[in-house]
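Have a look at the structure below, then the notes.
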Amino acid sequence: MTASSSTGAAGNSPRAVVHVIGFGRRLAAAVVDSLIILMITFGIVIVIGILTILVTSFNTEKDPPVRDLIIVLGALTSIGYYVRFWSTSGQTVGMSVLGMRVVDNDGHNLTTGKAIARFLG
């Protein structure tokens, strides 16, 4: 659920105020987040590529398993990005730019387990 949370009168008891966010804002946040993940993954690919060139210049193996490593690291980057941001601040960079936040039913940030479950669908 994408929502915003406000603080109660005491200042320490969150009161969940859910605002359903429209498709356009969700899409815009997803595009921003995808571009960030793409840049991070691209940086990882460059580092792996340089290391592969250095290692394979001394190795006669024809097909090092670099492609598989890049796929796994790309997936872990995406999962880690969303889970970390959802469980620590309740919003990714894209969501922050557009004023969106994800909270649980009580108005708190998601736990790591709930963030993983949300990512997996």
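The values are calculated or read from the model by the stated rules, or taken from the named source; none is laboratory data. Quick caveat, the model's predicted, so the values are computed rather than measured. Please note: Cβ atoms are built from the backbone with ideal geometry, for glycine as well, and neighbour counts cover all protein chains shown.
Within region 86-107, the set of residues being touching a strand residue (DSSP E or B) at 6+ places or on another chain (Cβ under 6 Å) and not aliphatic (A, V, I, L, M) comprises Trp86, Gly90, Arg101, Gly107.
For region 73-81, the condition of being out of contact with any Leu (no Cβ under 6 Å at 6 or more places or on another chain), more than 19 Å from Met39 (Cβ to Cβ) and assigned to a helix (DSSP H, G or I) holds for none of the residues.
The rows are residues; the columns are (1) surrounded by fewer than 17 Cβ atoms within 10 Å (Cβ to Cβ); (2) touching a residue at least 24 places away in the same chain (Cβ under 8 Å); (3) under 11 Å from the mean Cα position of the chain (by Cα).
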{"site": "Leu54", "(1), (2), (3)": "yes, no, no"}
{"site": "Leu69", "(1), (2), (3)": "yes, no, no"}
{"site": "Val72", "(1), (2), (3)": "yes, no, no"}
{"site": "Ser89", "(1), (2), (3)": "yes, no, no"}
{"site": "Val93", "(1), (2), (3)": "yes, yes, yes"}
{"site": "Ser96", "(1), (2), (3)": "yes, no, no"}
{"site": "Gly107", "(1), (2), (3)": "no, yes, no"}
{"site": "Ile116", "(1), (2), (3)": "yes, yes, yes"}
{"site": "Phe119", "(1), (2), (3)": "yes, yes, yes"}
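Taking the numbered list (1) at pLDDT 90 or above; (2) within 29 Å of Gly99 (Cα to Cα) in turn, Val47 passes all entries but (2). Among the residues of region 92-115, not a single one is over 26 Å from His19 (Cβ atoms) and either part of a helix (DSSP H, G or I) or modelled with pLDDT of 90 or more (or both).
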